[in-house]
1. So which of Lys7/Lys220; Lys5/Lys220; Lys24/Lys48; Lys48/Lys220 end up more than 19 Å apart by C-alpha?
2. Going 7 Å from the Cα of Ser232 toward and past its Cβ, which residues in region 158-174 have a backbone nitrogen under 15 Å from where you end up?
3. Taking the chain as the reference, fit the longest principal axis to its C-alpha atoms, fit the long axis of helix 40-50 to the helix C-alpha atoms, and give the angle between the two in degrees, 0 to 90, nearest 10.
4. Collect residues whose amide H, placed 1.01 Å from N in the peptide plane, falls under 5 Å from the amide H of Lys7; neighbours closer than 5 in sequence don't count.
5. For the chain, what is the relative contact order in percent, using Cα pairs closer than 8 Å and at least 6 residues apart in sequence?
6. So for the chain, taking the charge dipole from beta-carbon charges (+1 Lys/Arg, -1 Asp/Glu), which of Leu225, Phe114, Leu50 sits furthest toward the positive end?
7. With +1 on each Lys and Arg Cβ and -1 on each Asp and Glu Cβ, how big is the dipole of region 8-240 about its Cα centre, in debye rounded to the nearest 20?
8. Mind checking which aspartates and glutamates have their C-alpha under 13 Å from Lys211, skipping anything on the same chain fewer than 8 residues away?
Amino acid sequence: MEKFKNKVVVITGGNSGIGYATAKEFKSQGATVIITGKRETALDKASKELGVKAKLTDQANLQHIDDLVAEVKNSLGKVDVLFINAGVAFFAPIEYTSEEQFDTMVDVNFKGSFFTLQKFVPILNDGASVIFLASGNTALVMENSAVYSASKSAVGHLAKIAAKELAPRKIRVNTVNPGPTETDMQNKFGMDEETLQGMKDMIISQVPLAKMGKPEDVAKMVAYLSDHTVSSFITGGEFFIDGGMAL
């Protein structure tokens, strides 16, 4: 069913994981999709596999965001769905978190999300849907995640304020907050396979449903929140997709 036929969907960080799965979901439902990423090879590969447009963009770079908005406006016109998904994570105790790690997470996760929304607002259609990728960590007190959790919590509060500010234009703003999800990002934590598996087993032991989520789970929620026919009365919401981990 092509629920999003003739709709323009922009997904930041769409070359892998949740962003990739969400681009695939929207594409399958008839949308015109543009994805971004800052790894050129991975972005090109994803673009070809998915059959969607792509724009090399670092979400922490405001000039890159300006260039993205200009290209979308010139080539596709106005936007119906904006999924601000790009993010980074480093996990370390407060005592050992570096300034570089702090700045990178805040610049990409919060500053980048804020200015992506700000700069897209003029080209959002009235009645558009904006979804931020937050995190299940916003409801947890997890060691070694202070800056990551804080940056994602800031995104969650930003989304609520944006929901009120944009309501006069019937633009709905929500967050999806994934718990442990099987994505490529887990392989970037610098752990060997045995350590990574041990971490996964430990995490799963804390999830009531006793499993990790899949990117497709989040993708379907993003599509649901973007479908005006079923979610027109939903804004300012937080949707935890975490197998009950935050309970």
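Every read-out reported here was derived from the displayed coordinates using simple, explicitly stated rules and does not represent laboratory data. Since this is a predicted model, take the numbers as computed values, not measurements. When we count neighbours, we look across all protein chains shown, and the Cβ atoms used for this are built from the backbone with ideal geometry, even at glycine.
1. Details: Lys7/Lys220 17 Å; Lys5/Lys220 16 Å; Lys24/Lys48 12 Å; Lys48/Lys220 22 Å.
Correct reply: Lys48/Lys220.
2. 169-172
3. For helix 40-50, the angle is close to 60 degrees.
4. Sorted by chain and number, the residues that satisfy this are Thr32.
5. 20 percent
6. Toward the positive end, the furthest listed residue is Leu225.
7. Taking the Cα centre of region 8-240 as origin, the dipole is about 1000 debye.
8. Once the sequence-local aspartates and glutamates are set aside, what remains near Lys211 is Glu182, Asp201, Asp242.
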